[in-house]
1. Can you name the number of the only condition in (1) touching a Lys or Arg at 6+ places or on another chain (Cβ under 8 Å); (2) within 24 Å of A:I321 (Cβ to Cβ) that A:A53 fails?
2. Across the range A:42-93, which residue is surrounded by the fewest Cβ atoms within 10 Å (Cβ to Cβ) among those that are on the phi > 0 side of the Ramachandran plot and within 13 Å of another protein chain (Cβ to nearest Cβ)?
3. Restricting the range A:1-29 to residues that are free of Cβ contacts under 8 Å to residues at least 40 places away in the same chain and of a type outside the set (A, V, I, L, M), which is farthest from the other protein chains (Cβ to nearest Cβ)?
4. Taking A:D164, is it out of contact with any helix residue (DSSP H, G or I) (no Cβ under 8 Å at 6 or more places or on another chain), surrounded by fewer than 17 Cβ atoms within 10 Å (Cβ to Cβ) and modelled with pLDDT of 90 or more?
5. Tally time: how many residues in the range A:168-190 are out of contact with any helix residue (DSSP H, G or I) (no Cβ under 8 Å at 6 or more places or on another chain) and either touching a residue at least 24 places away in the same chain (Cβ under 8 Å) or under 16 Å from A:I112 (Cβ atoms) (or both)?
6. Would you pick out the residues in the range B:19-53 that are among the β-branched types (V, I, T), within 14 Å of chain A (Cβ to nearest Cβ) and out of contact with any Asp or Glu (no Cβ under 9 Å at 6 or more places or on another chain)?
7. Does B:D72 qualify as being within 11 Å of chain A (Cβ to nearest Cβ), without any contact (Cβ under 8 Å) to a residue 60 or more places away in the chain and farther than 23 Å from A:Y7 by Cα?
Amino acid sequence: MVNDINYPMLVSWELTNACNLNCIYCFNNSGVPFADELTKKEIYDGLRNLYNAGVFRIEFSGGEPTIRPDFVDIIKEAHKRDFVLSIASNGTLIDEKIAALLRDVGVSYVQISLDGLEKTNDCQKGSIGAFNRTIKGIEYLKKYDINVHTRMTVTKTNLSEIEDVLKLAISMNVNEFNAMRAWSSGRAMDSHFTLGPDEIIRLDSEMERLHKQYSKYITVKYDHCGHFERKSFQIFKDHGERICQCGRLTCVIKPNGIITPCEILTINAGDLRKEKFIEIWNNSRVFEPFRSFNTENLKGTCAKCSDKNVCGGNCRSLAMIHYGDFYAEDPTCWRVMRAKEAK
Amino acid sequence: MCANATIKKCKNIKRRDLGSRLLLFSPDTNVLLEFNATAKFIWEICDERTLDEIKELYAKKYNIGKNDAERDVEDVINALKIKGCVN
């Protein structure tokens, strides 16, 4: 009579590909808006579409979502439709007006990208002054008592600054600190700054230590997308983390209305301009491999790994991007990297 | 479960009415529930009512006996309590 169900628990909606920063690792290659991005009216129609499909939670992202001149209108419309809202932003354009609006609509959290102290952050963001503007944005959000999560994308450049950023977040009363590795996709595809196996292991132990040391002051999370090491995985898993939910509990709406299972994957599951969201979610064959995933079909180093049933093959989208094969080994796992080095 | 205790819906529960189905979502606990038509009816009437009152209304609505109504209502209210949707 009353059932738990699998459902699109979170729809991540990239409002635009436009961005005022130029992050070296951007998996979307954001900067210039798409020529065919959804208009405000089309976004309103899409919100109605999601509402009728029973979706509750939307995260607006980009690009930089706040760069849209109609951002405020879109947030108000989404609030009117009773969605649970969150925002992923670089924070540099958040002013008092936006912070007040986000408080008024009861946004559940705002995730702000913060990659280091001033010099390192601005280097990774490709924009001098970005750090100070981001800090100002966080201050506005905290002034209005908004739940702020900082997200640090870890590369070779900022690996040694994690604790400094964590301490900075604590000093600003940030609610959650989240670290994750730069994905090897978009601008970070085959780049020199993504972590190698030794650095991944170092990051692992560093996050374990920080979790232990600072969890009484701030929620410390470590996003395992594109990463796996058993001990730390178990620690974070015990704190409610889960590996990939793409296509099973989450999906992405790109700025032009194309729906994909994962933000780094550009495979077209359907077009929000032409089809009902629920029909795409229920019927698109693009979601099928994510829903019927079986670790026994994994290939390469992942196939032989004793922990494949713990990590679930890690990131299938990266396997698709790098090898065009949903069941290929995850090229960003340190064990796969080590195996390649040994050859 | 005490028959005379008043059931209260928790605040901040979001709902989506999809005709014969009802979805409820608690942003605080991230719990999502799907109700069929009969469970949906119980949810609609339960706030600020006792179990006995709910059972009576439910039995009348679906023209069923006391025992069946008791079982159905207690199942739904128990599940709602476990999921943190009612107190």
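1. Answer for A:A53: the failing condition is (2).
2. Narrowing the range A:42-93 to residues on the phi > 0 side of the Ramachandran plot: A:54, A:63, A:82, A:91.
Adding the requirement that they be within 13 Å of another protein chain (Cβ to nearest Cβ) leaves A:54, A:82.
On the way: A:G54: 22, A:D82: 13.
By that ranking, first place goes to A:D82.
3. Taking the range A:1-29 first, the residues free of Cβ contacts under 8 Å to residues at least 40 places away in the same chain are A:1-5.
Cutting the leftovers down to of a type outside the set (A, V, I, L, M) gives us A:3-4.
Working: A:N3: 5, A:D4: 7 Å.
Filtering first and then ranking leaves A:D4.
4. On the way: out of contact with any helix residue (DSSP H, G or I) (no Cβ under 8 Å at 6 or more places or on another chain): yes; surrounded by fewer than 17 Cβ atoms within 10 Å (Cβ to Cβ): yes; modelled with pLDDT of 90 or more: yes.
So A:D164 fits the description; yes.
5. Of the residues in that region, 10 qualify.
6. Of the range B:19-53, the ones among the β-branched types (V, I, T) are B:29, B:31, B:38, B:42, B:45, B:50.
Filter once more, keeping what is within 14 Å of chain A (Cβ to nearest Cβ): B:29, B:31, B:38, B:42.
Selection gives B:T29 alone.
7. Numbers: within 11 Å of chain A (Cβ to nearest Cβ): yes; without any contact (Cβ under 8 Å) to a residue 60 or more places away in the chain: yes; farther than 23 Å from A:Y7 by Cα: yes.
Yes.
For (1) surrounded by fewer than 13 Cβ atoms within 10 Å (Cβ to Cβ); (2) among the aliphatic types (A, V, I, L, M); (3) modelled with pLDDT under 90, each residue gets a yes or a no:
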site: B:E48; (1), (2), (3): yes, no, no
site: B:E53; (1), (2), (3): no, no, no
site: B:Y62; (1), (2), (3): no, no, no
site: B:I77; (1), (2), (3): no, yes, no
site: B:N87; (1), (2), (3): yes, no, yes
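The values are calculated or read from the model by the stated rules, or taken from the named source; none is laboratory data. Because the structure is predicted, anything quoted here is derived from the model rather than measured. No Cβ is skipped: glycine too gets one built from the backbone with ideal geometry, and neighbour counts run over all protein chains shown.
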